[in-house]
Amino acid sequence: MKIFSEIGSYLILLKNVFQVPENPKLYRKKLVFELQALGINSLPIVAVISIFVGAAIVIQLAANLSNPIYPRWITGFSSREGIMLEFAPTMINLVLAGKIGSHIASELGTMRITEQIDALDVMGVNSASYLILPKIVACIIFSPIIITVSTFLALLGGWFFGTITGVISSYDYLDGLQLDYTNHSLFVGLIKGFVYSFIISSVSAFRGYTVEGGALEVGHASTRAVVESCITLIIANLIITNLLL
């Protein structure tokens, strides 16, 4: 029954988070800070992972689809669909769950055990909304940027390393990327990104905001935030894929 109690606490916290801000100007300043901390600072790791994993995807597909019965463009086509539908939205957000999730949980957890959140409550500030809402909004706003950058760099990395290693020609790869392209795959990837961003930011914030104890408990809360975000993300991935594909 504990899981139902925690789900109830999570929903109550979200109700407090999504209330009308007392001072929108302060929220805007907080949002700009969170865009930098959670969004822009995540781009370097997203770029590195996207380039090299995109290259690995193309090389492995080219090796596995080298049978003469397959058309030469199939590697580029399969890479495009796999990267746009799964790698960029799902795998990248699993990585970000570790980076962003632990950051949010540890930050809020530290504020809780040092009684900074209690001080905000005593001052009449809706601490849940002030501390958590800008994080959720920042993650959602930056989600399409991260997914677009990841998709582009993964396809670029696949093209570069695929051609210099000789596993596929530039013409065949680019031909496959353009074959039967529609915006549906990109749309599905963006929808997944929005949902994942909300899951990561809200679940991690819940774990950090409700932590009890000391520094050791903050560490445990950060770990639980990452694990629970990843599990929920994978379940959401199955549901969205089934509904949209």
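Meeting the requirement of 1 or more residues that are farther than 30 Å from Ser66 by Cα and among the basic types (Lys, Arg), the helices (runs of 4 or more DSSP H) wholly within region 77-163 are 102-113.
Taken over region 194-223, the criterion of being closer than 18 Å to Leu35 by Cα and either among the hydroxyl-bearing types (Ser, Thr, Tyr) or not in a helix (DSSP H, G or I) (or both) is satisfied by Tyr196, Ser197, Ser201, Ser202, Ser204. Here is a list of conditions, (1) within 30 Å of Ile57 (Cα to Cα); (2) within 26 Å of the chain's Cα centre (by Cα), and Ser170 meets all of them except one; can you say which number that is? Every condition holds for Ser170 apart from (2). Restricted to region 101-136, and to residues there that are in contact with a helix residue (DSSP H, G or I) (Cβ under 9 Å, 6 or more places away or on another chain) and of a type in the set (S, T, N, Q), the residue that is surrounded by the fewest Cβ atoms within 10 Å (Cβ to Cβ) is Gln116.
Yes/no per residue for (1) farther than 21 Å from Ile132 by Cα; (2) among the aromatic types (Phe, Trp, Tyr); (3) under 14 Å from the mean Cα position of the chain (by Cα); (4) at pLDDT 90 or above:
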| position | (1), (2), (3), (4) |
| --- | --- |
| Leu38 | no, no, yes, no |
| Ala47 | yes, no, yes, yes |
| Ser50 | yes, no, yes, yes |
| Ile57 | yes, no, no, yes |
| Trp73 | yes, yes, no, no |
| Ile83 | yes, no, no, yes |
| Met91 | yes, no, yes, yes |
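Just one of (1) more than 20 Å from Ala62 (Cβ to Cβ); (2) of a type in the set (A, V, I, L, M); (3) buried (at least 18 other Cβ atoms within 10 Å of the Cβ) fails for Ile140. It is (3).
Is it true that some residue in region 133-152 is among the aromatic types (Phe, Trp, Tyr), in contact (Cβ under 8 Å) with a residue 24 or more places away in the chain and within 17 Å of Ile199 (Cα to Cα)? Checking region 133-152: at least one residue is among the aromatic types (Phe, Trp, Tyr), in contact (Cβ under 8 Å) with a residue 24 or more places away in the chain and within 17 Å of Ile199 (Cα to Cα).
The values are calculated or read from the model by the stated rules, or taken from the named source; none is laboratory data. A quick note: this is a predicted structure, and the numbers were derived from the prediction, not measured. Note that each Cβ is placed from the backbone with ideal geometry, even for glycine, and that neighbours are counted across all protein chains shown.
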